[in-house]
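A short worksheet on the structure shown next.
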Amino acid sequence: MEESFSLYVHVPFCRGGKCLYCDFYSVPDRVELLDDYLDALGREVEASAGLWPPAGSRVRTVFFGGGTPSLLSGAQVASVLEKAAAVWSLDPETEISLEANPEDVSLEAAAGWRAAGVNRLSVGCQSFADRALAGLGRRHDSAACQAALDRARKAGFERLSADLILGGPGCTESMVIESIDTALALGADHLSIYGYHLEATCPAHAVPDFAECEESIYRAQYLAACESLARAGWLHYEMSNWARDARCTCSHNLAYWTGQPYLGLGPSAHSFQPPDRRFWNKRSLEEYLSYAWSPGAPNPLREGEFLSPRQRLAEHLMLGLRLESGASVALVGQILGRSTAQVLRELDSAGLVRLRDSRVRATREGLLVLDSLVDRILARGEFPLDK
């Protein structure tokens, strides 16, 4: 049987400084190293041919993430895809996504990405309210967001996603609804709406002016977003993701959430080889640029682990409950054993899950407390804690 996998390409550069709330690996203001990075990326692709996935495997989806992938020109994107196609199999049906900052989406740039084969553009708008954008420390304004989506459409992008942020400094419920309405009016067919959260490594961590909002404020904004998109008839197919219909969901991200194989290229990029192998490249552009790959040889830049049976069950549960399709009762039963029915009744009575068609689905209230919901199920489990 032909193997297939999803391919992630991490572009670890930011121009003009790192976003204050960003925890993804990137190197600010080193764009002059972009050509060196692309050369190293090509060598990693060639070296991967003798490892996993095997040469000739079909690439189901490609995602250019970052960092700032929109720093790449259409010609550079095409070069990466050509190198991948020389090792694996890409076809016209392959979903190819690229994340873009609004200020990078000129008509020329968007047309270049489209000509290179990118067929899905994800624009990091974050908000269509200037006050909310200022609170996040973004360099663009609402007009730039609107212009970016308009230019992407004119360049031929039929699949267009916008990222929005809830609960940021200065953001209000009305701003969230305004941003959703604007994105829909501009023709976006997909929305990723994330909660504002600061990890310890974020530039704004512990800075009072950029503090996270109270839980009640985030809750109100999330529920308002859910209700607004439900009224519009959109599909809430994952905790933080909505699509106009099933055809507009992000197949690449669904591969992550459903436990499908994926390979990450570039510094800090993560990979998963089912059923239990996870590995990732070190978070070091310097080491990435200096390493000389040898086809089929072990890669010392990679670190990894094998998931234990308990870790695999816990991950399947967490990922399943993120999705509208939910987790199977059979999976929950593997964890809870004889107490399955009782625990599920308790969670149903608490309004955190709903049971239908042998599936356990998190409600909106359950999604708001998903981590604790999963912990609650695992804590009641009969599965050995040390395996």
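Given a 1.4 angstrom probe, what's the average accessible area per residue across the chain, in square angstrom?
Per residue, the chain has an accessible area of 44 Å².
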Extension length gain for ALA49 and LEU355 (0.36 nm per residue less Cα distance), in nm, is 105.7 nm
Sparse-neighbourhood loop hits (GluC sites (Glu not before Pro), the range 340-386; DSSP loop; Cβ within 10 Å at most 15 others) -> GLU382
Bounding extents of the range 285-330 in its principal axis frame from Cα atoms, largest first in Å, are 48, 22, 17
Taking the alpha-carbon centre of each part, the distance from the range 42-83 to the range 94-126 in Å is 16 Å
Sorted largest first, the Cα spans of the chain on the principal axes come out in Å as 58, 49, 41
On the accessible surface of the chain, probed at 1.4 Å with all protein chains in place, carbon and sulfur together account for a percent value of 51 percent
Evaluated at 4 °C and 1.567 mPa s, the Stokes-Einstein D of the range 308-387 based on the Kirkwood radius over Cα pairs, in µm²/s, stands at 106 µm²/s
Convex hull around the C-alpha positions of the range 242-322: the volume in Å³ per residue is 128 Å³
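The values are calculated or read from the model by the stated rules, or taken from the named source; none is laboratory data. Fair warning: this is a prediction, and the values are worked out from it, not measured in the lab. Heads up, the Cβs are rebuilt from the backbone with ideal geometry, glycines too, and the neighbour counts pull from every protein chain shown. Accessible surface is based on the protein model in full, side chains and every heavy atom, while ligands, DNA and RNA are left aside. Shrake-Rupley method; radii C 1.70, N 1.55, O 1.52, S 1.80 Å.
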